[in-house]
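The values are calculated or read from the model by the stated rules, or taken from the named source; none is laboratory data. The structure presented is a predicted model; accordingly, all values stated were derived computationally and were not measured. Positions of Cβ are backbone-derived with ideal geometry, glycine not excepted, and every protein chain shown enters the neighbour counts.
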Amino acid sequence: MTRLGIMMLEPDTTHPFYTGMAKESKTYDVEVVIFSPLQIHPHTEWIQGYRYCTDTRCWKKDIFTIPEYIYDRTFYKDDFTSKQAKAIVQWLKNRDDLCFLGYGLPNKWTIYRHLKEQVKVSPYLPETTLIESIPEAVSLIKKEKRVIIKPFDGAHGVAVYEIQADKEQVTIRTTKKTEIVEKKMDEETLARWLESLTRKKSFILQKRLDNRDEQNRPFDLRLLLQKNEKDNWSVSCKGFRVGNQASLLTNLSAGAAAIPYEEWKKHQKHYNWTYIESELKDIIRYLPETLEEEFAPLFEIGLDIIICRDSSVWILDMNSKPGHKMLQLLAQEEIDRLHSLPLRYCKALQRKMPATGGDSS
């Protein structure tokens, strides 16, 4: 039987998407397990994880060998444990006897530098700068008046700051949990603050795009792109994420609302939707294949698209391990179909691979 392992830093057997996958597994003759790279015994290569039992329809603790196919959902932090896990995952990716559904993307700055050279994609990328010189960063902030800075390897809206420069002072805003925290400072204090911030990790800087609706709520379009068993990319789910008034983020975890695409579009008649949808079509056509050509094979991509008040379309972010919360916008039948997609893609990969032995115990 084909074995597919869902790999997470901390295995979550309550996650609806993973359990939904596992419930569909018997139909496709795939055994599904969940494990952490940290649970792999370094000498025996056995894993203490969870196996889904299709008879009882629940997860059970079990011991098994490394599954031949891996769905990587590992999110790293800045701690020592994450560094250990990252090294183990790289070891797994380098093995010829294992196959990942997708091999992931590098950090935001590396992606930007590569895509900026691609003529079909670069027009949709907001100008981005790596903060290397504090005086140059301060000068750019004063020039642009309003910018966003974020970690070049960040996710989930963590450590994202909006900086607004006026003649006399600078205002810095960020989100802590669901609350907005604001600081005001002069230029000299800003330089010291940036120095302290960038000493810990690398940050990128972008001009703040005007993505607020008439009620002053930030919004963006989330597209979930996935590959099917025929290696074709398509949009599995699309919807708008709308933040609270005066908030910075559109992350659902930060309190934003998910709104179906057509519903939001219906109430935003002042946008040029013919132009916008033509631009989206080109992005969907060219971006996935460009990312795979530049980096590595992928299975899914979460795209965050900014639509400004002038109807311009920008790729704000792209993620090879997107969340699946937007699936709440779909009918249950469609959600079930997407639960089976990783299984069907896994079987398609198996048909391409040389036969491998495997312990299903």
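The table for this structure:
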{"item": "Residue in segment 57-64 that is assigned by TED's automatic domain parsing to the domain that holds Val32, surrounded by fewer than 18 Cβ atoms within 10 Å (Cβ to Cβ) and on the phi > 0 side of the Ramachandran plot present", "result": "yes"}
{"item": "Selection from segment 69-91 of residues that are assigned to a helix (DSSP H, G or I) and either without any contact (Cβ under 8 Å) to a residue 60 or more places away in the chain or in contact with a Cys (Cβ under 8 Å, 6 or more places away or on another chain) (or both)", "result": "Phe80, Lys83, Gln84, Lys86, Ala87, Ile88, Gln90, Trp91"}
{"item": "Strands (runs of 3 or more DSSP E) completely within segment 202-291 that count 1 or more residues being under 17 Å from the mean Cα position of the chain (by Cα), more than 17 Å from Trp314 (Cα to Cα) and of a type in the set (A, V, I, L, M, F, W, C)", "result": "233-242, 257-260"}
{"item": "Per-region count, segment 126-139, residues free of Cβ contacts under 8 Å to residues at least 60 places away in the same chain and either assigned by TED's automatic domain parsing to the domain that holds Cys308 or part of a loop (DSSP other than H, G, I, E, B) (or both)", "result": "2"}
{"item": "Residue match in segment 185-201 (condition: of a type outside the set (Ser, Thr, Tyr), in contact with a Lys or Arg (Cβ under 8 Å, 6 or more places away or on another chain) and assigned to a strand (DSSP E or B))", "result": "no"}
{"item": "Unmet requirement for Pro123, which otherwise passes all of (1) part of a helix (DSSP H, G or I); (2) more than 22 Å from the chain's Cα centre (by Cα); (3) of a type outside the set (A, V, I, L, M, F, W, C)", "result": "(2)"}
{"item": "Exclusive hit being in contact with a strand residue (DSSP E or B) (Cβ under 7 Å, 6 or more places away or on another chain), closer than 23 Å to Lys108 by Cα, surrounded by 14 or more Cβ atoms within 10 Å (Cβ to Cβ) and at pLDDT below 95, set Val160, Val147", "result": "Val160"}
{"item": "Extreme residue, surrounded by the most Cβ atoms within 10 Å (Cβ to Cβ), among residues of segment 80-120 that are under 16 Å from Phe35 (Cα atoms) and hydroxyl-bearing (Ser, Thr, Tyr)", "result": "Ser82"}
{"item": "Scope segment 36-80; condition within 26 Å of the chain's Cα centre (by Cα) and more than 15 Å from Met7 (Cα to Cα); matching residues", "result": "Lys77, Asp78, Asp79, Phe80"}
{"item": "Test for Glu162: is it without any contact (Cβ under 8 Å) to a residue 40 or more places away in the chain and outside the structural domain of Arg222 (by TED's automatic domain parsing)", "result": "no"}
{"item": "Members of segment 312-350 that are polar (S, T, N, Q) and more than 19 Å from Ile259 (Cα to Cα)", "result": "Ser312, Asn319, Ser320, Ser340, Gln350"}
